[in-house]
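Data block below; observations after.
The values are calculated or read from the model by the stated rules, or taken from the named source; none is laboratory data. This structure is a prediction, so every number in the text was calculated from the model and none was measured. Here the Cβ is made from the backbone with ideal geometry for all residues, glycine too, and neighbour counts use every protein chain on show.
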Amino acid sequence: MESRYNPTAIEEKWQKIWDEQGLDKTPTEKNQPKFYALSMFPYPSGNLHMGHVRNYTITDVIARVHRMQGYRVLHPMGWDAFGLPAENAAIKKGIHPAKWTYSNIDQMRSELKRLGLSYDWDCELATCSPNYYKWTQWIFLQFLQAGLAYQKEAAVNWDPIDQTVLANEQVDSEGRSWRSGAIVEKKKLRQWFLKITDYAEQLLQDLDKLTGWPDRVKSMQANWIGKSVGAYLEFPIVGMDEKIGVFTTRPDTVYGVSYVVLAPEHPLTPKVTTSKNKEKVETFIKEVANQSELERTAEDKPKRGIPTGGKAINPFTGEEIPIWIADYVLYEYGTGAVMGVPAHDTRDFKFATEQNLPIKVVITPPETKENSSQSPGFDVSAQPNVPSPQSPVPEAYTEPGIMINSGEFNGMNSTEGKQAIIDFAEKQGFGKARIQYRLRDWLISRQRYWGAPIPVIHCPKCGIVPVPEAELPVVLPENVEFSGRGPSPLAQLGEWVNVPCPSCGTAAKRETDTMDTFIDSSWYYLRFTDANNEKQVFDSAKTNDWMAVDQYVGGVEHAILHLLYSRFFTKVLRDRKLLKFDEPFNRLLTQGMVQGLTYTNPQKSGNAKYIPSALVNPNDPKDPETGEPLEISYQTMSKSKYNGVAPEDVINKYGADTARMFILFKAPPEKDLEWDDADVEGQFRFLNRVWSLVTEYSETTPAKTQKGELSKAEKDLRRAIHTAIDEISKDFAGDYQLNTAVSELMKLSNALKDATDKNSAVYTEGIETLILLLAPFAPHIAEELWQIIGNKESVHKQTWPKLDESALEVDEITLVIQINGKTRGTIGAPPNLDKQELEKYARESDAAKRYLEEGKEPKKVIVVPGKLVNFVV
C-alpha cells in the first residue's frame, strides 16, 4: 500500500501528548534499581548543532532502554549559562546578559524537545539563576570553612588601553586584546584559588576505581596531575643568608649542576641580581611578561635567558655556580627554580649549549663500568673510555647508569644513588625527599559580571568575612553598564560594593570578582538529583540514592578540567559529610565529533581558504572566484568552515527520528562521524519501510496465539526475532555499539518483509518486537505504530523484549563441502556435531563422493565446526 508516513505531523502530535502526560517524569519510588543517565549540559548559544544532537541522542537511547529494562531512570537537562559570550553580547549589542541568555535557553529548549529527548523538564536548571548560584555560593563557603579557598597574588592578562582584565579567550594568537588591539600585559592581582592540590594524591589514586572510563581519559588526567617523586634541595646564595630551593626527580645528577635558573618572576631575582646586570635583567623580565605560558615552555622554541651576576653554592661540591633567569622556568611550577644539569637533561643541555655554560658528565651508561665489584668510592673518571667532567658530549644522557665524578657516590648505580643522595642531604640539612605534582591550585577569580559573585566581604578590621548563609544568594545587580573598559562592572557599583561588615558593622566592601564557570559545572550533576530544593543545596538522602551518575556522555575536550574539577568537588563534599561516595561518574562515554564535507583552496590562507559548499559544483570543485581546484576533506563542522548542517533543516525535511537514526547508525559513538546526505536518505527510507510493514499488518487479522507446531519458516523467523533481541541487548550491555544495534533492526525488518506467513502468531511477535526495539531509537514513529496495531498504553512504558534462548536453536545447519578450498556443494547437517562426526557426514555426501577417489585418502581434512569441511587431495 502507499506509505502515509508523515514525520512532522506524527512528531508534533506525540511531543504534545508526552508533555501533557509528563511521560518522562523521574520516578520517586525505590522499588526498582536506579539508573542516572546524563549528558554534559550545553552552553545556551542559541542554536543546536549536530554535536549537540549526537551527544543527547546517544544518552537518550541509553536512558530509554534502561527504562524499558525495569530501571527507575533520572535523565535531566540544564544550562551552563554563565560565561563570557553573554557579556560580549552585552557590549556589542547593548542587550543585558540575562535577557540574551534566557532567550537562547528558550530557543534551545524548543529544539531539544523536537528531537524527542526523554528529559524530566521538572529538573531543569540554569546556572545563572539565583536559585542555582545561591548554592554555588554556599558550596564556596564550605571550601572557605575547610581552608580550601584562599587569596593570593597571581598574574592576569591586562589590557593597558581598556584598563581591564582579559580572559585567555580574549587574547589573540599575537598576544593582542580582542577589543582594543593593544599588546596584552601581565599584571599581578589578588585572586581567589581553590586548593585542589590538597587532593592531588586522591585524584590520582582513585583513577584506578574508574573502570568504566576510557583509558586515554584516565591517562590524560594522570598526566595533568603529574606526580613526580624526587628531592627538594637547597643551594645557598653567595653573600646572602637565603637559599634557592629546587625540586628534582634526578638527585643522582646533583654533582653535575653547573648553574641554577630562577623564574624571572621569582622574588629572589631582584635580590641576586648585581648592579652591573640590573638593567639587562629588568629589560628581560619585561619581555618575558608579555609572553604566554605556551610561548615560554614550547619545546621547539629557543630557551632564552640572562645571567643575574649572582652566584649560588652547590652544597654537594662546594663549587660556586652562576644564577641565571630564563623564560622557560615558571614561578607557578614547583619552586620557581631549577638546577641546571645539562649533561643529563635535554632542556638543560639545549640551554647550556646556547649560552655556552659548563656541561659536567656525572652519569655514564652501565656498560662503561668495567669492574662491578669495586667499591662505590673508586675513581671512575680515571678509567679509560669514561668521560671526564668537562669533556664535550653530543647530547644529554638521560637514562639510568653509573654515577661518576660524584665524590663518595662514584660507582653507585644511579637508581640506588637517588636515595643515597637524599639520605645524605637530609643528614647534612640541605635537602629532603619530596613528592611534587604538576597540578596547580585552581584560580577561580574572574573580573567579569556574568558569573556567580564570590560571597565574601573585605573588612578593614576583620579581614575576609563570609556573607552569612541567610543572606545568600548575593544577587547580581541589574543596573550595570557594559563598556568593556575599566574594572569589572560590579566594581563600578558603589551602592552594591559598599556594605557594613557582617561581623563588626565597620564600613566594608564586597568581593567584586565572580567565579570561573567551571565552578558551576563542577556540581550540577548533584543538584539535578534534588533540583527544586529551596532549603538546602540538596537532600543528601536523595543525592546518595541517585549518585553516582551511571552513564555520563560528553566531548573528550572536557576530559581533563571539567572531569577533574567535578571529581575534586565530590571528594570535598564527601569530606563535608554531604556525600557517601568517592567518584561522581561511574561510566564515561566520550563521543566523537560530527564532521562535514569541506572545500578548501590551498592557495588561500586563514578563513578565506574555506569555500561554502553551496557555491561549489561537487562534480568539478573549483573556487568560484579564482577557478582554482579545491581540496575535499571531512572536518569538524563549524560556521567558519561553511561545512555545518543545521539540525532544524534535517528535522524539517526528514523528521527527528530520521536524524536520530542516522546519528546512531553512521559510526560507533566514540568515533568521529562523517555527515552524508545519502545515508540520511537511507535511514528515512528504512523508517518508511517499517511504516509500510506495520500499517499493512494492522489491516489484517493476524493470529495472536500459536496453534500446533511451528513450521520451518516460522522457526526461522522466530530465530531472527530473538537474534535481534539478543544482539541489541548485548550492544547496550557492553560499549554501546549503537550503530550495530540499528543494523540489527534493519535485519529484523528484512526478515519480516520476507516472511511467507504474515498471519501467524510468530509474525505478530515479530512486528511487536520490531516496534519495541525501535522505540528508544525512533520514539515518535514507534509510539504511533504501537497505537496503530491496537495498543493504548505508551510503547515507552513497555517492558524490553525478553530473549527466548530456545528460539536461537537450529534444527539443521548448512555445511559447506570444499575440495582444495573450492566450494563443491552444501548439505544439511544436525547442529552440535563434533569434528569427527562432521567429517563423516561430509564424506557420505554426494558432493564429496564426486571428487574423492574411492579407496584413496585425502592428504588432509580441515573441519570448521558449524561451517565447512575442506578435503585436500
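Structure data summary
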| read-out | value |
| --- | --- |
| Selection within segment 1-40 - in contact with a helix residue (DSSP H, G or I) (Cβ under 7 Å, 6 or more places away or on another chain), modelled with pLDDT of 95 or more and outside any helix (DSSP H, G or I) | K34, F35, Y36, A37, L38, S39, M40 |
| Residue tally, condition aliphatic (A, V, I, L, M) and part of a loop (DSSP other than H, G, I, E, B), over segment 230-267 | 4 |
| L141 crowded, with 17+ Cβ neighbours inside 10 Å, part of a helix (DSSP H, G or I) and either outside the structural domain of N479 (by TED's automatic domain parsing) or of a type in the set (A, V, I, L, M, F, W, C) (or both) | yes |
| Qualifying residue in segment 243-257 (condition: under 30 Å from S173 (Cβ atoms) and surrounded by 14 or more Cβ atoms within 10 Å (Cβ to Cβ)) | no |
| Boolean, T274 is crowded, with 23+ Cβ neighbours inside 10 Å, polar (S, T, N, Q) and more than 30 Å from V171 (Cα to Cα) | no |
| Residue within segment 508-524 that is of a type in the set (D, E), touching a Cys at 6+ places or on another chain (Cβ under 9 Å) and either in the same structural domain as L563 (by TED's automatic domain parsing) or in contact (Cβ under 8 Å) with a residue 40 or more places away in the chain (or both) present | yes |
| Enumerated helices (runs of 4 or more DSSP H) restricted to segment 770-873, each holding at least 1 residues that are surrounded by fewer than 11 Cβ atoms within 10 Å (Cβ to Cβ) and either at pLDDT below 90 or of a type outside the set (D, E) (or both) | 835-843, 846-851 |
| Only listed residue being assigned by TED's automatic domain parsing to the domain that holds I306, modelled with pLDDT under 50 and closer than 28 Å to G305 by Cα, chosen from S381, S388, S372 | S388 |
| Where a residue in segment 91-115 is at positive phi and its partner, wherever it lies, is of a type in the set (G, A, S), with Cβ under 8 Å and at least six apart | none |
| Residue selected from segment 721-747 under the condition closer than 18 Å to S806 by Cβ and touching a Leu at 6+ places or on another chain (Cβ under 6 Å), by the criterion surrounded by the most Cβ atoms within 10 Å (Cβ to Cβ) | A724 |
| For R216: the one exception among (1) within 27 Å of T570 (Cβ to Cβ); (2) in a strand (DSSP E or B); (3) basic (K, R) | (2) |
| Residue within segment 465-475 that is under 20 Å from G245 (Cβ atoms), part of a strand (DSSP E or B) and touching a strand residue (DSSP E or B) at 6+ places or on another chain (Cβ under 6 Å) present | no |
| Residue within segment 490-506 that is buried (at least 21 other Cβ atoms within 10 Å of the Cβ), outside any helix (DSSP H, G or I) and modelled with pLDDT of 95 or more present | no |
| Selection from segment 591-611 of residues that are under 30 Å from Q737 (Cβ atoms), in contact with a Lys or Arg (Cβ under 8 Å, 6 or more places away or on another chain) and in a strand (DSSP E or B) | Q591, V594, G596, T598 |
| Candidates G340, G334 - the one that is small (G, A, S), within 24 Å of E399 (Cβ to Cβ), touching a Phe, Trp or Tyr at 6+ places or on another chain (Cβ under 8 Å) and surrounded by fewer than 23 Cβ atoms within 10 Å (Cβ to Cβ) | G334 |
| Selection from segment 241-256 of residues that are over 40 Å from the mean Cα position of the chain (by Cα) and closer than 17 Å to S406 by Cα | Y255, G256 |
| Filtered residue count, segment 563-588, keeping only those that are in a helix (DSSP H, G or I) and either in contact with a Cys (Cβ under 7 Å, 6 or more places away or on another chain) or of a type outside the set (S, T, N, Q) (or both) | 11 |
| Test for A782: is it hydrophobic (A, V, I, L, M, F, W, C) and within 16 Å of A713 (Cα to Cα) | no |
| Scan of segment 515-557 for residues that are among the β-branched types (V, I, T) and either out of contact with any helix residue (DSSP H, G or I) (no Cβ under 8 Å at 6 or more places or on another chain) or at pLDDT 95 or above (or both), ordered by number | T517, I519, T529, V537, T543, V549, V553 |
| Restricting segment 685-720 to residues that are of a type in the set (G, A, S) and under 20 Å from L773 (Cα atoms), the residue that is surrounded by the most Cβ atoms within 10 Å (Cβ to Cβ) | A720 |
| Only listed residue being touching a Leu at 6+ places or on another chain (Cβ under 7 Å) and within 23 Å of M746 (Cα to Cα), chosen from A778, A761 | A778 |
| Matching option when the condition is without any contact (Cβ under 8 Å) to a residue 24 or more places away in the chain and not aromatic (F, W, Y), among A667, A678, A646, A656 | A678 |
| Search result, residues across segment 718-767 that are charged (D, E, K, R) and in a helix (DSSP H, G or I) | R718, R719, D726, E727, K730, D731, E744, K747, K753, D754, E765 |
| Count of residues meeting criterion [assigned to a helix (DSSP H, G or I) and more than 21 Å from D24 (Cα to Cα)] in segment 108-134 | 5 |
| Residues (of a type in the set (A, V, I, L, M, F, W, C), touching a residue at least 12 places away in the same chain (Cβ under 8 Å) and farther than 28 Å from K93 by Cα) located in segment 468-506 | L472, V499, C501, C504 |
| Single residue of segment 152-184 satisfying the filter (in contact with a Gly (Cβ under 7 Å, 6 or more places away or on another chain) and within 16 Å of E87 (Cα to Cα)) that is surrounded by the most Cβ atoms within 10 Å (Cβ to Cβ) | T164 |
| Residues being free of Cβ contacts under 8 Å to residues at least 40 places away in the same chain and assigned to a helix (DSSP H, G or I) - total across segment 685-717 | 2 |
| Test for N55: is it outside the structural domain of E783 (by TED's automatic domain parsing) and surrounded by fewer than 16 Cβ atoms within 10 Å (Cβ to Cβ) | no |
| Within segment 50-81, tally of residues that are within 28 Å of A167 (Cα to Cα), in contact with a Lys or Arg (Cβ under 9 Å, 6 or more places away or on another chain) and in a loop (DSSP other than H, G, I, E, B) | 1 |
